[in-house]
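Step one of this worksheet: look at the structure below.
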Amino acid sequence: MRRLIRVFIFVAIVWSAYWFIAGYGLRTAITSWFDQQQEQGWQADFSNVETAGYPAHHATRLTNPALADPVNGTAWSAEWIEFQSPAIWPGRQVLRFADTPQRLSYFDQTATILADALQAELQLQPGVALTLEKMALSSRAWSVTDDGQPLAAGDTLFLIMEQTETPETYVIAARADGFTPGDNLRDLMRSAKSLPQAFETLELDVTTTFDKPWDRSALEQGRPQPVAIDLQLAEVKWGELRLFATGQLDVDDQGIPTGEIAVKAENWRDMIAMANAAGALPDQAVDPVTRALNFMAGLGGNPNALDMQLNFRDGFVALGPLPLGPAPRLILR
């Protein structure tokens, strides 16, 4: 019995030593990363750091963290952020965010994010590069406001990005339940008052190949850039509006896509009005586009449903035979 007690005490001492050493290393790694960003010209600071969670896991909490990248004009701040990981392997991190307001800025525009149980899971490969194997973001009720005006809100939010057998290729899926556009967004789209407050479905399923895997260099140097996109499904249901899309695109070094996206739209005339109101479709193109699409929808037997293809060629995009203008450049800043 005494021998068993001695073994237990010895194991407890060894584990405690490991926990404190690993916790110190994790804490140092986090604070050193902030120091490195300051050396590169970022604003990267916090007011306090503390570690808890003994004996099963590590929980490192930063109080009043603030990050700002002067190159792309983005900034983020919160009351606190907490890094949690199993004590046996710190490469599986869960980031818990404060339920209090967070602020996300892009140059002179600042949005306030309020989310219940917002957390991100990071699963990293062992090694200095810290290559991303899996990232998941989830939240219960959330909202985004700008100067007190609601921009968007939702009941839940789920996003996952997971590495495949090819290191540069990731499966990305997203879903937002009860997505509710704010008044400004509804006014911008000139959405019909008859449309419900919330979307029935807002879902995305896509496989993207980048020019390199996502690892620590994505934050410290340059973002990986997409080179191939396989869109399995993009689906939007909002009242009588239905939109489905699937297809494949190749992306060159300049971010210019080439390929086809098949699109099915129900009540497409309202979508044209929304695209025009949002500035995506010029005023002078509305009538010819409407006439042409009306003819093509009639060929399908249902004038309210439209099966078309977005064609991306030579830096331009066309809806079927109708040119829409320059294709958007797919570049991650």
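The values are calculated or read from the model by the stated rules, or taken from the named source; none is laboratory data. Because the structure is a prediction, the values reported are computed rather than measured. All Cβ positions, even for glycine, are placed from backbone atoms using ideal geometry, and neighbour counts span all protein chains on display.
Taken over the stretch 1-40, the criterion of being over 30 Å from Ala68 (Cα atoms) and of a type in the set (Phe, Trp, Tyr) is satisfied by Phe8, Phe10, Trp15, Tyr18, Trp19, Phe20. For the stretch 238-273, which residues satisfy the criterion of being assigned to a helix (DSSP H, G or I) and within 20 Å of Gln309 (Cβ to Cβ)? Selection gives Trp268, Arg269, Met271, Ile272. Only one of these is buried (at least 17 other Cβ atoms within 10 Å of the Cβ) and in contact (Cβ under 8 Å) with a residue 40 or more places away in the chain: Met308, Met271. Name it. Going through Met308, Met271 in turn, the sole match is Met308. Just one of (1) more than 23 Å from Ser105 (Cβ to Cβ); (2) assigned to a helix (DSSP H, G or I); (3) at pLDDT 90 or above fails for Phe8. It is (3).
Val71 passes every criterion in (1) of a type in the set (A, V, I, L, M, F, W, C); (2) in contact with an Asp or Glu (Cβ under 6 Å, 6 or more places away or on another chain); (3) loosely packed, with under 15 Cβ neighbours inside 10 Å apart from (2).
Scanning the stretch 78-130 for residues that are of a type in the set (Asp, Glu) and in a strand (DSSP E or B) yields Glu82, Glu121.
Can you confirm whether Val206 is part of a strand (DSSP E or B), within 24 Å of Leu132 (Cβ to Cβ) and of a type in the set (A, V, I, L, M)? It is true that Val206 is part of a strand (DSSP E or B), within 24 Å of Leu132 (Cβ to Cβ) and of a type in the set (A, V, I, L, M). Does at least one position in the stretch 316-325 carry a residue that is outside any strand (DSSP E or B), farther than 30 Å from Ser217 by Cα and aromatic (Phe, Trp, Tyr)? No, the conditions are met nowhere in the stretch 316-325. For the stretch 39-55, the condition holds for no residue, the condition being that it is in a helix (DSSP H, G or I), of a type in the set (S, T, N, Q), within 34 Å of the chain's Cα centre (by Cα) and surrounded by 13 or more Cβ atoms within 10 Å (Cβ to Cβ).
The number of residues in the stretch 7-30 that are surrounded by 15 or more Cβ atoms within 10 Å (Cβ to Cβ) and under 24 Å from Arg216 (Cβ atoms) comes to 5. Surrounded by 15 or more Cβ atoms within 10 Å (Cβ to Cβ), acidic (Asp, Glu) and under 26 Å from Ala111 (Cα atoms): which single residue out of Glu168, Glu266, Glu200, Glu220 fits that description? After ruling out the rest, the residue left standing is Glu200.
Scanning the stretch 83-109 for residues that are of a type in the set (S, T, N, Q) and either exposed (fewer than 14 other Cβ atoms within 10 Å of the Cβ) or free of Cβ contacts under 8 Å to residues at least 24 places away in the same chain (or both) turns up Thr100, Gln109.
So that you can scan it fast, the table gives a plain yes or no per residue for (1) touching a Leu at 6+ places or on another chain (Cβ under 7 Å); (2) surrounded by 13 or more Cβ atoms within 10 Å (Cβ to Cβ):
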| site | (1), (2) |
| --- | --- |
| Ile229 | yes, yes |
| Arg242 | no, yes |
| Arg291 | no, no |
| Phe316 | no, yes |
| Gly320 | no, yes |
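Scanning the stretch 217-251 for residues that are touching a residue at least 24 places away in the same chain (Cβ under 8 Å) and charged (D, E, K, R) returns Glu220, Arg223, Asp230, Glu235, Lys237, Glu240, Arg242.
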